[in-house]
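Data first, discussion second: the structure below is written as C-alpha cells.
No lab work stands behind these numbers, since they all come straight from the coordinates. Quick caveat, the model's predicted, so the values are computed rather than measured. FYI the Cβ positions are ideal-geometry reconstructions off the backbone, even for glycines, and counts take in every protein chain you see.
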Ligand code: NI
C-alpha cells in the first residue's frame, strides 16, 4: 500500500467543504484503510480525508500510544458539547507548528463505521480535541484559523519557505 499525499497549508484545497458519504462501498472501505495507513506513516493521531484531497466526510483517528486502536468516523456529527479545554495543537498539514486552541472538553458524536453501522461515541480530553480538529478539516477549517492573523501569516510565510527549499524552487 502506498501512502496518500498530505496537502499542506496554505494549499487552497484544504479549504474545501467535504460532502457526506452517500454509500459505503468497497472503494470507500479501501480509502479508509489507505487513510489510516497514511496517518500511521506520518506518525499522526488523526487524519481527515480533506487532507489527502478526498472531499468526503471521513476521518481516521488513533490516539493510543501503541498505535493499534484505529477509529474511523464516516459522516461524524457532534450532537452534544460541554466544557472547555485548551491545548497545543499540531497538524500534519501544518508541520512543525503547535499553537494553543480552545475546544469543548466533552462531546457526544454520532457517526457511521466502515461496516455501514451508525454508532454513538462520548469523547473527552484528547479524543474530544482530536475529533473536533478533524471535523474542522471536513469543514475546510484549520487550527491556524483560531490564532491571530499575524501569527497565521508568519506560519504561512515559514511553510512556504520550507516548501520551496524542499523542491529547490524559490
Ligand atoms: Ni490537522
- Across the stretch 39-63, what is the total count of residues that are buried (at least 22 other Cβ atoms within 10 Å of the Cβ), outside any helix (DSSP H, G or I) and within 12 Å of the ligand (Cβ to nearest atom)? 6
- Residue satisfying condition, being buried (at least 22 other Cβ atoms within 10 Å of the Cβ), closer than 22 Å to residue 17 by Cα and more than 16 Å from the ligand (Cβ to nearest atom), within set 79, 107: 107
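Residues are listed down the side, and each one gets a yes or a no for (1) in contact with a helix residue (DSSP H, G or I) (Cβ under 7 Å, 6 or more places away or on another chain); (2) farther than 20 Å from residue 42 by Cα; (3) touching a residue at least 24 places away in the same chain (Cβ under 8 Å); (4) in a helix (DSSP H, G or I):
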| site | (1), (2), (3), (4) |
| --- | --- |
| 65 | no, no, no, no |
| 72 | yes, no, yes, no |
| 93 | yes, no, yes, no |
| 97 | yes, no, yes, no |
| 107 | yes, yes, yes, no |
| 110 | no, yes, yes, no |
